[in-house]
Amino acid sequence: MSKITRYTWEGVQEAVSSIAMQMYKDEWRPDYIVGITRGGLIPAVLLSHVTDIPMHTLCVQLESDGLEENTEHNAIMATDALRDNKKILIIDDINRGGDAIRWIMDDWQDAMNMSDDEQSEAWHNNVRFASLIDNPNNQVAMDYCSSEIDLDEDDVWVEFPWESN
């Protein structure tokens, strides 16, 4: 049986503050924050309030029915980041396997028709990734996270306060 780790609202606030502090120490300030729908929306709003940085949303629901209907292509953000050198922070509540981040990276590269070399220069320079919790065994490394949990090895299910019944 899976262990359940429950985050409180105070824990979420602390995690968001930790990410803001990491960005501050890196002297990296994005032009805007992107919250991945649904789990990344609350962390994005909180981080936007803490840092006074505008926020946008991007719907990436790969495990939902009707992928084409639920997942949003966004060439405008791709242009901002990969051509116009705007800095963007993409945040989610938990990075389980990196599928959503990988999907965004592939989608934006396709939208811009860029080579791998051109794209690799932009990622982690112009576009950085954050999650409150990161699984260290995922396919895309987070630039910022508050904590790491090996979700595969530890058989953990994380419950955030906005998911409680």
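The values are calculated or read from the model by the stated rules, or taken from the named source; none is laboratory data. The shown structure was predicted, so the numbers you read here are calculated from the model rather than taken from an experiment. Glycine also receives a Cβ, built like all others from the backbone with ideal geometry; neighbour counts cover every protein chain displayed.
List of remarks:
- Some residue of the stretch 46-53 being within 16 Å of CYS145 (Cβ to Cβ) and surrounded by 16 or more Cβ atoms within 10 Å (Cβ to Cβ): yes
- Helices (runs of 4 or more DSSP H) contained in the stretch 64-135 and holding at least 3 residues at pLDDT 80 or above and among the polar types (S, T, N, Q): none
- Yes/no for GLN61 being over 14 Å from the mean Cα position of the chain (by Cα) and either in a helix (DSSP H, G or I) or modelled with pLDDT under 80 (or both): no
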